[in-house]
């Protein structure tokens with residue numbers, strides 16, 4: 001899939017998760033995409049816990065996810081992205097590990113979209129419980145978790161169609177300035 | 001360009017910046033890619049200051065960039081990505097604005113790569129001075145700045161070749177676990 005197409009058709013699809021297994025090769029491809037992201041001083045603070053054991057997925061979702069995210073239990077794969085904030089640059093309280101995890105995560109999401117797989121990065125979970133279930137060390141912080149799955153029916157494009165129609169984003173003119181804060185970029 | 005190709009060939013190329021102007025349409029396309037990123041609760045905290053005025057680029061780079069980043073002065077376009085941390089979710093000190101800016105920035109970088117343009121996200125700058133030059137409000141934090149430019153010579157692929165050969169990343173086996181922290185994913 002073309003890059004711009006993957007960027008524009010990537011959307012969060014927790015309601016479209018098939019329980020059909022995802023091949024190990026595809027799991028590796030999305031992790032490989034994440035691995036290639038840039039990071040501050042190339043420190044690469046990211047770690048990924050990939051859950052494929054159904055019992056552990058059940059335990060984690062039921063025990064640590066917010067109510068609205070319980071639907072993710074369907075997924076055959078869950079990927080947790082986390083880091084130790086001490087492993088990355090901090091500038092006057094600006095903790096770059098989170099920025100760097102965002103860079104890596106977007107690569108992962110786009111690679112999944114390209115492979116026809118659905119994702120949904122979720123921040124609604126009990127971090128303490130999640131870390132407990134998975135044995136993630138005390139000093140680490142979990143940024144998000146995403147299910148990775150085939151869509152319930154049809155292709156990725158079919159599954160995403162309705163959701164993309166409803167997608168809500170600020171206009172470019174609301175979030176961009178030219179040369180100085182407050183000066184319109186006139187992007188039409 | 002195929003998504004996986006853009007992800008694998010994206011690299012930071014501050015030594016390859018041509019001063020040739022970048023068309024407004026291409027600037028808009030990379031901003032549009034950033035705009036479509038996901039964010040916590042869809043809060044979209046991102047703002048972009050696009051600098052195309054040569055005098056302002058000169059002033060900002062000379063006055064606010066670290067020594068190693070002075071070379072970016074060549075670029076015809078600089079893009080600053082920033083947000084007010086109060087505009088996004090905070091969970092026990094975990095400030096999601098940085099994660100969300102990372103998601104948006106990676107879309108921007110990949111769209112640029114796809115268009116044959118070079119980028120280099122930089123965190124080495126004086127945030128106070130930069131905000132002063134551009135009039136960015138007190139409460140905002142700048143995550144990174146990237147030049148956006150055509151490569152000095154040849155295509156993107158030509159320009160990136162040497163740098164990609166030298167790219168250093170942790171192995172997948174060092175950063176991934178299966179089902180539980182410490183348990184090898186065996187990614188070969």
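Each value in this text was obtained by applying a stated rule to the coordinates, not by laboratory testing. Owing to the predicted nature of the structure, the values given are computational and were not obtained by experimental measurement. Don't worry about glycine lacking a Cβ; one is built from the backbone with ideal geometry, like all the others, and counts go over all protein chains shown.
Annotations for the structure displayed:
- Residue within segment B:42-65 that is in contact with a helix residue (DSSP H, G or I) (Cβ under 8 Å, 6 or more places away or on another chain), farther than 20 Å from residue B:130 by Cβ and part of a loop (DSSP other than H, G, I, E, B) present: yes
- Hits in segment B:137-161 - residues which are in a loop (DSSP other than H, G, I, E, B) and more than 10 Å from chain A (Cβ to nearest Cβ): B:138, B:139, B:150, B:152, B:153, B:154, B:155
- Residue pairs meeting the criteria (Cβ under 6 Å; at least 6 apart or on separate chains; first within 15 Å of residue B:91 (Cβ to Cβ), in segment A:123-136; second assigned to a helix (DSSP H, G or I)): A:123/B:40; A:124/A:69; A:125/A:64; A:126/A:64; A:129/A:63; A:129/A:64; A:130/A:64
To keep it simple, each residue is scored yes or no on (1) in contact with a strand residue (DSSP E or B) (Cβ under 7 Å, 6 or more places away or on another chain); (2) surrounded by fewer than 18 Cβ atoms within 10 Å (Cβ to Cβ); (3) within 19 Å of residue B:94 (Cβ to Cβ).
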| position | (1), (2), (3) |
| --- | --- |
| A:30 | yes, no, no |
| A:59 | no, yes, no |
| A:71 | no, yes, no |
| A:103 | no, no, yes |
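- For segment A:12-61, taking the residues that are at the interface with chain B (Cβ under 9 Å from one of its Cβ atoms), touching a residue at least 40 places away in the same chain (Cβ under 8 Å) and more than 18 Å from residue B:176 (Cβ to Cβ), the one that is nearest to the chain's Cα centre (by Cα) is identified as A:12.
- Condition check for residue B:5: more than 9 Å from chain A (Cβ to nearest Cβ) and either in a helix (DSSP H, G or I) or in contact (Cβ under 8 Å) with a residue 40 or more places away in the chain (or both): no
- So residue B:38, is it under 22 Å from residue A:167 (Cβ atoms) and in a loop (DSSP other than H, G, I, E, B): yes
- The set of residues in segment A:168-188 being assigned to a loop (DSSP other than H, G, I, E, B), surrounded by 12 or more Cβ atoms within 10 Å (Cβ to Cβ) and more than 8 Å from chain B (Cβ to nearest Cβ) consists of A:183 alone.
- Cross-chain or 6+ apart pairs with Cβ under 7 Å, segment A:153-164 first and more than 10 Å from residue A:11 (Cβ to Cβ), then in a loop (DSSP other than H, G, I, E, B): A:155/A:116
- When each of B:134, B:101, B:109, B:115 is tested for being within 14 Å of residue B:48 (Cα to Cα) and more than 7 Å from chain A (Cβ to nearest Cβ), the lone residue that passes is B:109.
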